[in-house]
Amino acid sequence: MSKADLNGQDGSEALEATAKPFTADEESALRDSLKRCSPAATEAAIAYRKTQEASHLPAVIIGVIERFVEPDLRPKLKEADDELRLVEDLGIDSLTMMEIVILVEDVLQIQINNEDLRNLRTVSDIKVFIDCKVRGLPPPQPMKFLPIEKIVSIMPIGAPFLFLNEASISGHVAQGKYKITGQEFFMQGHFKDNPVMPASLMLEALGQLAVLYLLEGVVPEEGKVIDHTKIFFTSCEGVRCHRICRPGDLLSMSIRPKRTKMPLATFEGSIRVGQEKAAMAEEITLTFAYAKAQPIPAHAIAQSDSSSVVGKDSGDTNPPLAVVNG
């Protein structure tokens, strides 16, 4: 039994009780370390060091990241979009990432292993990881990132009807992104001289992300795989559209499984553009089936990575997933 248990304290109370006094010299040193960060970040860091309250961490993390990104990219951080990607959206390279980590370690008095950095792709990843770190909790399982090349090799849907540029999958969620270019074939007439992404195709994009989750995020029965030729749309409930989406908009999609029991899988899904809601569906239901897993030749195992799909055919000969008509 821990000392906290004996005293009837929960973890946060025990942390506060054992926190070392924050001296004036330490505050002066902390202010010097953060002199190129925003005043808000500095005050949040001081408040955290005095109280050990995790509620101050987001402001510290955003302030430190802001310190190292290019000035023209800093307004993005002020929009509080946690799905901003460190490399693609904020231009943070590996060396800059190390500078961020060193400052965070110094400010928060923690140690971060280089191996942990591999799984940090977004601002949200950093916030969640640091929060777990200071609370002494195990970090969440890393999401499996799928670039467009991997998505194309997995999905039974291909161009020009594939609305995923990248995706990340874990056991409880799939996230995807699609940039509306304005060059899509349907934009020529939807609408005349006023290109708008059809709402039905935004739901199609969510359905495609659900298909990807089935193929990459579900652990099938032993000796079986999910048959990518047997996944079809069944129903869609509770659909609401909140925003018109136009060329240049980046759709940030999220799918969470609600029920998965062969032959049906039901998901809830949402789309955002920045911090604005674009569309949501309370339930997207797909039907699916299993196929017998095919043995993988030894040379194929050596050449493939751990995320390869067993028994997946190449090519895009199957019809697209039709989520909504019209």
Which condition breaks for Ser94 when tested against (1) without any contact (Cβ under 8 Å) to a residue 40 or more places away in the chain; (2) touching a helix residue (DSSP H, G or I) at 6+ places or on another chain (Cβ under 8 Å)? (2)
Take the residues of region 1-54 that are among the aliphatic types (A, V, I, L, M) and more than 15 Å from Gln109 (Cα to Cα): which is modelled with the lowest pLDDT? Leu6
Does Arg272 qualify as being surrounded by 16 or more Cβ atoms within 10 Å (Cβ to Cβ), among the charged types (D, E, K, R), under 25 Å from the mean Cα position of the chain (by Cα) and assigned by TED's automatic domain parsing to the domain that holds Tyr178? yes
Looking at (1) in a helix (DSSP H, G or I); (2) in contact (Cβ under 8 Å) with a residue 12 or more places away in the chain, find the lone condition where Ala80 falls short. (1)
Right, Glu221: assigned by TED's automatic domain parsing to the domain that holds Phe161, more than 16 Å from the chain's Cα centre (by Cα), in contact (Cβ under 8 Å) with a residue 24 or more places away in the chain and exposed (fewer than 14 other Cβ atoms within 10 Å of the Cβ) or not? yes
Considering Leu251, Leu206, which residue is in contact with a Gly (Cβ under 9 Å, 6 or more places away or on another chain), surrounded by 16 or more Cβ atoms within 10 Å (Cβ to Cβ), in a helix (DSSP H, G or I) and modelled with pLDDT of 95 or more? Leu206
Of the residues that sit in region 161-175 and are under 9 Å from Met143 (Cα atoms) and not hydrophobic (A, V, I, L, M, F, W, C), which one is nearest to the chain's Cα centre (by Cα)? Ser168
Which of (1) under 15 Å from the mean Cα position of the chain (by Cα); (2) assigned to a loop (DSSP other than H, G, I, E, B) is the odd one out, the single condition Val196 does not satisfy? (1)
Filter region 88-106 down to residues that are at pLDDT 90 or above and part of a loop (DSSP other than H, G, I, E, B), then give me how many there are. 4
Does Thr181 count as in a loop (DSSP other than H, G, I, E, B), within 23 Å of the chain's Cα centre (by Cα) and not aromatic (Phe, Trp, Tyr)? yes
Conditions first: (1) in a strand (DSSP E or B); (2) touching a Phe, Trp or Tyr at 6+ places or on another chain (Cβ under 8 Å); (3) in contact (Cβ under 8 Å) with a residue 60 or more places away in the chain. Ala167 passes all but one, so which condition is the exception? (3)
Going residue by residue through region 114-124, is there one that turns out to be over 20 Å from Ser170 (Cβ atoms), in the same structural domain as Val60 (by TED's automatic domain parsing) and either surrounded by 14 or more Cβ atoms within 10 Å (Cβ to Cβ) or not polar (S, T, N, Q) (or both)? no
Does Glu216 fit the bill of being in contact with a Lys or Arg (Cβ under 8 Å, 6 or more places away or on another chain), acidic (Asp, Glu), under 16 Å from Ala174 (Cβ atoms) and modelled with pLDDT under 95? yes
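The values are calculated or read from the model by the stated rules, or taken from the named source; none is laboratory data. Just so it is clear, the model here is predicted, and its values are computed rather than measured. Virtual Cβ from ideal backbone geometry, glycine too; neighbours counted across all protein chains shown.
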